[in-house]
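Visitor: Following this message is one structure expressed as structure tokens.
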Amino acid sequence: MEVDSERFDRNVEFRIIYRDVKNPRLELRGSELWIILPIDADPSEVIKENRRWIARQLKFVEEARKLVPKLEVVPRTKKKFRALVKRIASEYSKLLNVTVNKVFIRKMKDAWASCSSKGNINVNRDAQYLPERILRYVVYHEICHLIRWRHDEEFHKLISKMFPDYDKLDLQLQAYWIKLKALGKIE
């Protein structure tokens, strides 16, 4: 149940969401900060306890906004996009010796891609506007989750083998999210 949506002082949207969860959690979804709380939690306490993490996320979004004017949106048909994603997924699954069950292209509200424990890779249809190198990173990232589920040190080592500049790519993905949203390509 969503109860509040406001802006932090740096013009970053945030949403306070109360759910039937045991522990609070914070997530950056697109360029919106989600503060997910147990029904009886005090949002001011959670914000105060996590202010360093929140400050890092705010800085990250600010840095991404500076990149937006420099970004090129790639014109690519849906058919070419689907074929490219499947080719990349096949290439990386062989390289990493994992099995990708199916690849789906679908509308996703707050992520570029996801994967399931069944080995399915879901790619946001709006990723069709990304340059190929960034799209490759998105697909590789999800396939790496078939080896290591959590975003821990081992996962980042695996990512950095193929994309040593993954932190810059994450920043560019954030900037593309902002740009595509401004262009009306992302709702």
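Visitor: For K70, which of the numbered conditions (1) at pLDDT 90 or above; (2) over 25 Å from V139 (Cβ atoms); (3) out of contact with any Phe, Trp or Tyr (no Cβ under 7 Å at 6 or more places or on another chain) fails to hold?
Guide: (2)
Visitor: Mind checking which pairs have a first residue in region 154-171 that is of a type in the set (G, A, S) and a second that is in a helix (DSSP H, G or I), Cβ under 9 Å, 6 or more apart or different chains?
Guide: S160/Y166
Visitor: If you go through region 130-187 one residue at a time, how many are in contact with a strand residue (DSSP E or B) (Cβ under 6 Å, 6 or more places away or on another chain) and hydrophobic (A, V, I, L, M, F, W, C)? Quick ask: steps written out before the conclusion?
Guide: First, the residues of region 130-187 that are in contact with a strand residue (DSSP E or B) (Cβ under 6 Å, 6 or more places away or on another chain): 138, 142, 145.
Narrowing further to those that are hydrophobic (A, V, I, L, M, F, W, C): 138.
The qualifying residues number 1.
Visitor: Looking at region 11-40 only, could you name the residues that are of a type in the set (D, E, K, R), part of a loop (DSSP other than H, G, I, E, B) and in contact (Cβ under 8 Å) with a residue 24 or more places away in the chain?
Guide: Quick first cut of region 11-40, residues of a type in the set (D, E, K, R) only: 13, 15, 19-20, 22, 25, 27, 29, 32, 40.
Of the ones still in play, those that are also part of a loop (DSSP other than H, G, I, E, B) are 20, 22, 40.
Listed by number, the list is empty, since nothing qualifies.
Visitor: So, one more: Return a yes/no flag: does region 124-140 have any residue that is touching a residue at least 12 places away in the same chain (Cβ under 8 Å), part of a strand (DSSP E or B) and under 15 Å from the mean Cα position of the chain (by Cα).
Guide: Yes, because at least one residue in region 124-140 is touching a residue at least 12 places away in the same chain (Cβ under 8 Å), part of a strand (DSSP E or B) and under 15 Å from the mean Cα position of the chain (by Cα).
Visitor: Further, regarding this structure: For I147, only one of the following conditions fails: (1) surrounded by fewer than 23 Cβ atoms within 10 Å (Cβ to Cβ); (2) in contact (Cβ under 8 Å) with a residue 40 or more places away in the chain; (3) hydrophobic (A, V, I, L, M, F, W, C); (4) within 22 Å of K179 (Cα to Cα). What is its number?
Guide: I147 satisfies every listed condition except (4).
Visitor: For region 133-151, how many residues meet the condition of being farther than 16 Å from V100 by Cβ and at pLDDT below 95?
Guide: Qualifying residue count, region 133-151: 2.
Visitor: Can you name the residue in region 41-96 that is of a type in the set (S, T, Y) and assigned to a helix (DSSP H, G or I) and, of all such residues, is farthest from Y129 (Cα to Cα)? Outline the logic, then answer.
Guide: First pass over region 41-96, keeping only residues of a type in the set (S, T, Y): 44, 77, 90, 92-93.
This time we only want the ones that are assigned to a helix (DSSP H, G or I), so: 44, 90, 92-93.
On the way: S44: 38, S90: 20, Y92: 21, S93: 23 Å.
Ranking the candidates gives S44 first.
Visitor: Right, something else. Across region 104-119, what is the number of residues that are over 17 Å from the mean Cα position of the chain (by Cα) and either among the basic types (K, R) or surrounded by 14 or more Cβ atoms within 10 Å (Cβ to Cβ) (or both)?
Guide: Narrowing region 104-119 to residues over 17 Å from the mean Cα position of the chain (by Cα): 117-119.
Now narrow it down to the ones that are either among the basic types (K, R) or surrounded by 14 or more Cβ atoms within 10 Å (Cβ to Cβ) (or both): 118-119.
Qualifying residue count for the region: 2.
The values are calculated or read from the model by the stated rules, or taken from the named source; none is laboratory data. Quantities reported herein were computed from a predicted structural model and do not represent experimental measurements. Quick reminder, even Gly has a Cβ in these numbers, built from the backbone with ideal geometry, and neighbours come from all protein chains shown.
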